[in-house]
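The values are calculated or read from the model by the stated rules, or taken from the named source; none is laboratory data. None of the values given here were measured: they were computed from a predicted structure. Methodologically, a virtual Cβ is constructed for each residue, glycine included, from the backbone with ideal geometry; neighbour enumeration extends over all protein chains shown. Note: accessible area is taken over every heavy atom of the protein model, side chains too, but ligands, DNA and RNA are not part of it. Shrake-Rupley method; radii C 1.70, N 1.55, O 1.52, S 1.80 Å.
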Amino acid sequence: GVHWIRIDGDPLPDAAIRRITVDWRDPKRIYVGLARTLPPQQGHRHQSLQIFRGDIDEGTAVWTNVSGPEPSTLPQVDVTGLALHPDHEDVIYASFDNVGVFRSADGGESWAPFEDGLPNVYVSDLVMRQSDKVLFASTMGRGMYRIFV
């Protein structure tokens, strides 16, 4: 953390970045989870702009929306956590404000709920433990959960 370098490139949407995670296999690939965008204005189509992948090359980032197709199957609320599977390059986990966890098995092309015993509650963060492939989810008022993935 001694030297910071600004990463320029395609701009991200005008929303607060809520989570950042770095790819296990490629430190020049990062994922960011954004706070929800503003509701659509009358006459404008709302786009899902919640999870982006940044591919960095010599200080320049190319950002790709990996929130899935429109209309998105992701909930239109804030991203609260992001985790990547350490062995499967295309598996992304994302948690959301008050609606639990979703998983993409194809690099963000599509998403589906990933409940598997997890209550539909506010998940405040996700952490993947690389050594034994355990995904941890912290919740508000319902404790911690883990699942071997």
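See the values below:
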| item | result |
| --- | --- |
| Accessible area, probe 1.4 Å, largest first, for residues Met128, Met144 | Met144, Met128 |
| Order of exposure, largest accessible area first, which applies to Arg29, Arg129, Arg6, Arg146 with probe 1.4 Å | Arg6, Arg146, Arg129, Arg29 |
| Rg [Å, one decimal], Dmax [Å, integer] - the chain, C-alpha atoms | 15.4, 49 |
| Additional length obtainable on full extension of the chain from Thr60 to Arg142, 0.36 nm per residue less Cα span | 25.4 nm |
| Antiparallel bridges, percent of DSSP beta bridges restricted to the chain (to nearest 5) | 95 |
| Extension gain (nm, one decimal) between Ala105 and Val134, 0.36 nm per residue minus Cα-Cα | 8.8 nm |
| Whole-percent carbon and sulfur share, accessible surface of segment 45-99, 1.4 Å | 47 |
| Sites Asp14 and Asp116 - FRET efficiency at Förster radius 30 Å, r taken between beta-carbons, to 0.05 | 0.30 |
| Accessible surface, per residue, of segment 79-125 when the full set of protein chains is kept, probe 1.4 Å, Å² | 40 |
| Long-range HN-HN contacts of Gly9 with modeled amide H, under 5 Å | Ala61 |
| Residue-level accessible surface for Trp24, protein heavy atoms, 1.4 Å, Å² | 100 |
